[in-house]
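The values are calculated or read from the model by the stated rules, or taken from the named source; none is laboratory data. From a predicted model like this one, the values you see are computed outputs, not experimental measurements. Positions of Cβ are generated from backbone atoms using ideal geometry, with glycine treated the same way; all protein chains shown enter the neighbour counts. Just the protein is used for accessible areas: all its heavy atoms, side chains included, with ligands, DNA and RNA removed. Shrake-Rupley method; radii C 1.70, N 1.55, O 1.52, S 1.80 Å.
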Amino acid sequence: MTDQELISALVKKGLLQQSVATKTIEEASALGKNPEDLLYEKRLVDETEAAKTKSELLGIPFKRIDPALVDESLLSIIPRDTSRTYRVVPLEKRNDMLVVGMLRPDNLEAQEVLRFIAKQKRVSLGVYIVTPSDLALVWRRYAPYRTEVEAAVKEIGTPKKADDLMVSLDEGGSAMDDAPIIKIVATTLREAVDLRASDIHIEPQHARLRIRFRIDGELQEGASIPSALAQPLISRVKVLSRLRLDETRVPQDGRFRTVIGGRDIDFRVATFPTPSGEKVALRVLDPSTGLKGLKELGFNEHNLALIEEAAGAPFGMILITGPTGSGKTTTLYAMLQRLNSEKVNIVTLEDPVEYFMDGVNQSQVRPEIGYDFASGLRQILRQDPDVIMVGEIRDAETSGLAVNAALTGHLMLSTLHTNNAVGVIPRLVDLGVPGFLLSSSLNLMLAQRLVGKLCPKCKKAVPAPDGAQRIIETALKNVPEDMRAKLSFKAPYTVYHAEPQEGCEVCKGRGIKGRVAISEVFKMTRELGNIINKGFSESAIRDEAVRQKMISMRTDGILKALQGEVMLEEVLRETE
């Protein structure tokens, strides 16, 4: 059965539009990918329906998997790497028959591998068709480092021998060619990408090495490894990042790139000394998840229109504000993608460069040699830029140069640390920018936070509590009339909770799938300019925000909660 035959059957069943099918086949060919994989990757078709269709075409039964029922002893029959490569997992053993689940039972290479395993184990084979999500759930049952850890411990032995290994490294040895250690690191990186983790934490503890992944803003433990392997494993990461192996007393920063799943993934690495050894944090920079367009970030139509208008201006400043981890850089990159064209010269100054964008001239500051935001910005102005992006305005000199750039015909994008959009103006004045310059240079102020996005299959509608009913009622009164007319929410209001379902192929049983921005956008107007020029107060600026019908972060979050995108409790907590 070819992918085209499967796609044609899906079209005939009405499970896939013909235009989407044609575009998918063309895109898969251009990317060198499998069309069926692309369907699942972009969620263009329901996995279960696709599996049932495949079952009809091949005459092989389809089965949903409960990973909890897969016996631990079966996992050793089909090794983890073999399972991932050929997309086959063991399900059960019935007398002398090994029952497996396969994504593509007609794959000849996979059939050959299974026949070899069956011959070795002296069993016959039974096959079911399964979905990609069910495969992923079983893969998580594999102890990801068991074989490698056992081999590494056997080779290195006691903690004393692990210390000896470090001595050989310090002396320029080649101990890092050690295969088990390399496999443990490679498995960790692959696991992080598969789980869509934003960060990896490798943390030496008193009696073990803990590996944790940050997924959708929350940390979860991925593995616990014997402490004897801590130093060799951390040294392997330092080798990849070209950091000094003999320096463990002070923090170091580095980065490296590798190919995982056919994609170039960058890892930004930072070490940190602790009494138990060096801790390593790796930021996972996956362009497929990190680089998004403005429409994908979750801005409501009112705010998106204001952002698009400001980004289309020939000059002026757009400032994004929020705490660390609120998605400011992601929004900046989304704006750069919108502005990026062969007719526009875009120059950035970042600390550090997170994603490399084709067509954009990106530069990383290096304060240790005197190349900081202020000195870099002076140099950028000599590069004939149309659009300038500065990672952060931190001091008076940078803020003054940024305002000057905005006043001299450049579109300036940057970030600032304030609690909300209204706080941008007092903060700039505090940094020494004269108030009369702000009305001419500042176009837009945007504040945002990130909240967990509810899984569409695991969310459950519940009536909002009495206190929440009143909060919702107040928030809806602040929505602009043209937008309010399109809303269909009526009291008593309904909100949604996450009720994770075991085996959910969308969220993997977590109830949350990704994060979405809640935002507020404050525009520079003639009225606001007059307030600033007359010697403003923060209350006067807030009155102008009310006059503009600015949708606050809390109101934006409440609208998303009513639409079933996020939990109301998290919105209220983030906007307290």
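Whether a residue is farther than 28 Å from Cys507 by Cβ and either open to solvent by less than 10 Å² (accessible area, probe 1.4 Å) or among the charged types (D, E, K, R) (or both) was assessed, and Glu565 does not pass this test. Determine if the range 22-34 includes at least one residue that is β-branched (Val, Ile, Thr), open to solvent by 20 Å² or more (accessible area, probe 1.4 Å) and in contact with a helix residue (DSSP H, G or I) (Cβ under 6 Å, 6 or more places away or on another chain). There is at least one residue in the range 22-34 that is β-branched (Val, Ile, Thr), open to solvent by 20 Å² or more (accessible area, probe 1.4 Å) and in contact with a helix residue (DSSP H, G or I) (Cβ under 6 Å, 6 or more places away or on another chain).
Being outside any strand (DSSP E or B) and in contact with a Pro (Cβ under 7 Å, 6 or more places away or on another chain) is the filter here, so list the residues in the range 209-237 that pass it.
Let us first name the residues in the range 209-237 that are outside any strand (DSSP E or B), namely 216-217, 227-237.
Correct list: Ser227, Ala228, Ala230.
Quick one: in the range 199-240, which of the residues that are buried (at least 20 other Cβ atoms within 10 Å of the Cβ) and among the polar types (S, T, N, Q) is nearest to Pro275 (Cα to Cα)? In this case the residue turns out to be Gln231.
Specify which of the listed residues (Val20, Val70, Val45, Val11) is β-branched (Val, Ile, Thr) and closer than 24 Å to Glu112 by Cα. I'd like the intermediate steps shown before the answer.
Numbers: Val20 fails: closer than 24 Å to Glu112 by Cα; Val45 fails: closer than 24 Å to Glu112 by Cα; Val11 fails: closer than 24 Å to Glu112 by Cα.
The conditions single out Val70.
Could we say that Leu243 is under 30 Å from Phe522 (Cβ atoms) and among the aliphatic types (A, V, I, L, M) here? Spell out how you get there, then give the answer.
Numbers: under 30 Å from Phe522 (Cβ atoms): no; among the aliphatic types (A, V, I, L, M): yes.
Judged against the criteria, Leu243 is not a match.
Note on the range 326-347: residues that are open to solvent by less than 60 Å² (accessible area, probe 1.4 Å) and either more than 22 Å from Ser363 (Cα to Cα) or out of contact with any strand residue (DSSP E or B) (no Cβ under 7 Å at 6 or more places or on another chain) (or both) amount to 7.
What is the residue count in the range 246-271 for residues that are part of a strand (DSSP E or B), of a type outside the set (S, T, N, Q) and open to solvent by less than 70 Å² (accessible area, probe 1.4 Å)? Walk me through it before giving the result.
At the first step, the residues of the range 246-271 found to be part of a strand (DSSP E or B) are 253-260, 263-271.
In the following step, the residues that additionally are of a type outside the set (S, T, N, Q) were identified as 253-257, 259-260, 263-270.
With open to solvent by less than 70 Å² (accessible area, probe 1.4 Å) added as a condition, the list becomes 254-256, 260, 263, 265-270.
Here the count works out to 11.
Screening the range 35-53 for residues that are farther than 16 Å from Lys457 by Cβ and among the acidic types (Asp, Glu) and picking the one that is least open to solvent (accessible area, probe 1.4 Å) gives Glu36. Applying the condition of being acidic (Asp, Glu), over 30 Å from Thr329 (Cα atoms) and under 35 Å from the mean Cα position of the chain (by Cα) to the range 150-205 and asking which residue is modelled with the lowest pLDDT yields Asp177. Where residues in the range 491-538 are polar (S, T, N, Q) and touching a strand residue (DSSP E or B) at 6+ places or on another chain (Cβ under 6 Å), which of them is most open to solvent (accessible area, probe 1.4 Å)? If we take residues in the range 491-538 being polar (S, T, N, Q) and touching a strand residue (DSSP E or B) at 6+ places or on another chain (Cβ under 6 Å), then Thr494 is most open to solvent (accessible area, probe 1.4 Å). Filtered by the rule that a residue be open to solvent by less than 70 Å² (accessible area, probe 1.4 Å) and either touching a strand residue (DSSP E or B) at 6+ places or on another chain (Cβ under 9 Å) or part of a loop (DSSP other than H, G, I, E, B) (or both), the range 460-490 gives Ala461, Val462, Ala464, Ala468, Gln469, Ile472, Val479, Pro480, Leu487, Phe489.
The residues of the range 423-453 that are under 25 Å from Thr330 (Cα atoms), open to solvent by 10 Å² or more (accessible area, probe 1.4 Å) and either acidic (Asp, Glu) or assigned to a strand (DSSP E or B) (or both), listed by number, are Asn443, Arg449, Leu450, Lys453. Return the residues of the range 362-384 that are in contact with a Ser or Thr (Cβ under 7 Å, 6 or more places away or on another chain) and either part of a helix (DSSP H, G or I) or open to solvent by 70 Å² or more (accessible area, probe 1.4 Å) (or both); say none if nothing qualifies. Selection gives Phe373, Ala374, Gly376, Leu377. Looking only at the range 177-200, residues that are out of contact with any Leu (no Cβ under 7 Å at 6 or more places or on another chain) and outside any loop (DSSP other than H, G, I, E, B) come to 14 in all. Would you point out the residue of the range 56-76, among those that are open to solvent by less than 60 Å² (accessible area, probe 1.4 Å) and closer than 18 Å to Leu137 by Cβ, that is nearest to the chain's Cα centre (by Cα)? The selected residue is Pro67.
Residues in the range 388-414 that are open to solvent by less than 10 Å² (accessible area, probe 1.4 Å), farther than 10 Å from Phe315 by Cβ and either of a type in the set (Gly, Ala, Ser) or within 29 Å of the chain's Cα centre (by Cα) (or both): Ile388, Met389, Val390, Ile393, Ser399, Ala402, Leu413, Ser414.
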